[in-house]
Amino acid sequence: MRDKDLYARILGIKSPWQVSGVELALSEGEVTVHVEQEEGVQHWCPTCGEVSPGYDSRKRKWRHLDTCQYKTILVADVPRVKCK
Ligand SMILES: [Zn+2]
């Protein structure tokens, strides 16, 4: 099993999101998991639930629960949508 698949399983990352990369910083005791949306995915407004066009995205980071004692950081470009 590849590291991306492993982390997708451990962290419960499911379609339309996927793990695009895993970086292990052994000396810092830290693993960074990059998550991205699959191509051609539609975006929904989080307020009203309507399918809405995306207009940009922002890189966000979250601390996840540790995996195997490694501080685990999720990084993703979170899409922003334009809703009427
Ligand atoms: Zn809306």
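Scan the range 13-45 for residues that are in contact (Cβ under 8 Å) with a residue 12 or more places away in the chain, over 12 Å from the mean Cα position of the chain (by Cα) and assigned to a loop (DSSP other than H, G, I, E, B) and the total you get is 5. Residue under question is Val75, and the condition is that it be more than 13 Å from the ligand (Cβ to nearest atom), touching a helix residue (DSSP H, G or I) at 6+ places or on another chain (Cβ under 9 Å) and at pLDDT 95 or above; does it hold? Against the criterion (more than 13 Å from the ligand (Cβ to nearest atom), touching a helix residue (DSSP H, G or I) at 6+ places or on another chain (Cβ under 9 Å) and at pLDDT 95 or above), Val75 does not qualify. Filtering the range 3-49 to residues that are of a type in the set (D, E, K, R) and touching a strand residue (DSSP E or B) at 6+ places or on another chain (Cβ under 9 Å) leaves Asp3, Lys4, Asp5, Glu23, Glu28, Glu30, Glu36, Glu38. Starting from residues that are surrounded by 10 or more Cβ atoms within 10 Å (Cβ to Cβ), more than 16 Å from the ligand (Cβ to nearest atom) and not charged (D, E, K, R), keep the ones in the range 46-72 and report whichever is nearest to the chain's Cα centre (by Cα). Out of the qualifying residues, it is Trp62.
The values are calculated or read from the model by the stated rules, or taken from the named source; none is laboratory data. Keep in mind the model is a prediction, meaning the values are calculated, not measured. Because the Cβ atoms are built from the backbone with ideal geometry, glycine has one as well, and the counts that use them run over all protein chains shown.
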